1. Fewest first, what order do Thr112, Thr304 take by the number of other Cβ atoms within 10 Å?
2. Expressed as an acute angle from 0 to 90° and rounded to the nearest 10, what is the orientation of the C-alpha long axis of helix 256-267 relative to the principal long axis of the chain?
3. Which angle from 0 to 90°, rounded to the nearest 10, does the C-alpha axis of helix 184-195 make with the longest principal axis of the chain?
4. Mean residue ellipticity at 222 nm from the helices of the chain, using -39,500 (n - 2.57) per DSSP H segment of n ≥ 4 over the full residue count, to the nearest 500 deg cm²/dmol?
5. In nm, to one decimal, how far is the Glu59 label point from the Arg232 one, both placed 7 Å along Cα→Cβ?
6. Diagonalise the Cα gyration tensor of the chain and give the resulting equivalent ellipsoid semi-axes, square root of 5 times each eigenvalue, largest first, whole Å.
7. Shape call for the range 217-368 from the C-alpha gyration tensor, a ≥ b ≥ c root eigenvalues: rounded (a/c under 1.5), prolate (a/b greater than b/c) or oblate?
8. Along the range 212-228, what does the Karplus equation 6.51 cos²θ - 1.76 cosθ + 1.60 (θ = phi - 60°) give for ³J(HN,Hα), rounded to whole Hz, x for Gly and Pro?
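Taken together, the values in this text are just the output of simple stated rules run on the coordinates, not laboratory data. Remember, it's a predicted structure, so these values are computed and weren't measured experimentally. For neighbour counting, all protein chains shown are included, and Cβ atoms are generated from backbone atoms with ideal geometry for every residue, glycine included.
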Amino acid sequence: MLIHRRDFIAALSSLGLAQWLQPGAKAQPATRSLQQLAGQKGLLFGSCLALKYCVQAPEYQQLFLAQCGIATPEVNMKWNSLSSQPGIYDFATADRFVYFCARNHLQVRGHTLIWHDALPAWVAPQLNAENGRKMMTDHIAKVAGHFAGKLYSWDVVNEVLDPASPRPDGLRETLWLRNCGDDYLELAFRTAAAADPKALLVWNETYLEVSNGFGQNKRTAILGLLDRMLQRGVPIQGIGLEAHLRAEQAAVLGDASYEAFLGQLARRGMKIFITELDVQDVTLPADPQARDQAVAAVYNKFLTATLRQPAVGGIVTWGLADRFTWIAGYRPRPDGLPVRPLPFDANYQPKAAYYAIAESLQSAPPRG
Ligand code: XIL
């Protein structure tokens, strides 16, 4: 079905979504730094990064350093990037990343210690119920110990819930759960705290931000697990909401139940971060301006609701400019047009999404 741009924009307004830059608007005000706007409110703003992008495109490096105060290594701290043989680690690329950030006054979000994905090929065949806990804790001690004192935070565990899980606690069936036992999250956080007492220890998770049945199940599961672990003194200090959003989810993003959930996390003493924000445009019409409007509206609705919660400490997008985005491979458009999920376009120019993010930062209440 062909959707005309005018009808599409009218549909956005009917969902209560504002318009960002009239289609055809030419003059754009000078681009202000999102990190500066965030900093004025006591917030952090940043993005994931791979240093190879800076080598390929020096303009990208310039943009990144102008806009960001914090960076997440997109791949370089994952287990399969650090260790191609059992027990042997090569930190050279990750060290370069940390050094680049330190030199350029960027804080670093360590990502990620325990995940069922991005594992070296040797892990699964070696892992069993006898050595599971040791393999997991050795890895955490080695990696968190290597960077100790240098990182803002660690994503200690990544994507560990499954709303379709048959288990009452909602934990995803992974090789870690199978081989390390039901309390492996507790063990992971305690080991990370011992290895790097300075980094803020975060549980990074998908889909908590989406107010549908799937998301609600995850919210119930995380609150239950958190309560049990906090009672036992487990050092969990933050929750990361990945927020790989889709433009068609506008109706189930940033609503009252989401804000209530953020309040429940805050009451449990959690710092909250948006850790991997992007907005997929794969189901939107081809017209780039219409797409940019819809994407921007989702950014603004979601972030405005998020930033009303004082426990939210920062926003990290999963890429800054459409030239370098994992969405190109993960959710390509069926019509083959380049995807436009990020605040800057493939030529590093600000898009409607940039203005939408800037506006949400400007209207955010300042942190204490
Ligand atoms: C993605 C990277 O962006 C890709 O380059 C890589 O090929 C796969 O991983 N959740 C996460 C991130 O926690 O680490 C993932 O990053 C995206 C989904």
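1. Thr304, Thr112
2. 40
3. That helix lies at roughly 90 degrees to the long axis.
4. Estimated from H runs of four or more residues: -12000 deg cm²/dmol.
5. About 5.3 nm separates the two model spin labels.
6. Equivalent-ellipsoid dimensions as semi-axes: 34, 23, 20 Å.
7. prolate
8. Those phi angles translate into 10, x, 4, x, 4, 4, 5, 4, 4, 5, 5, 5, x, 5, 4, 4, 5 Hz.
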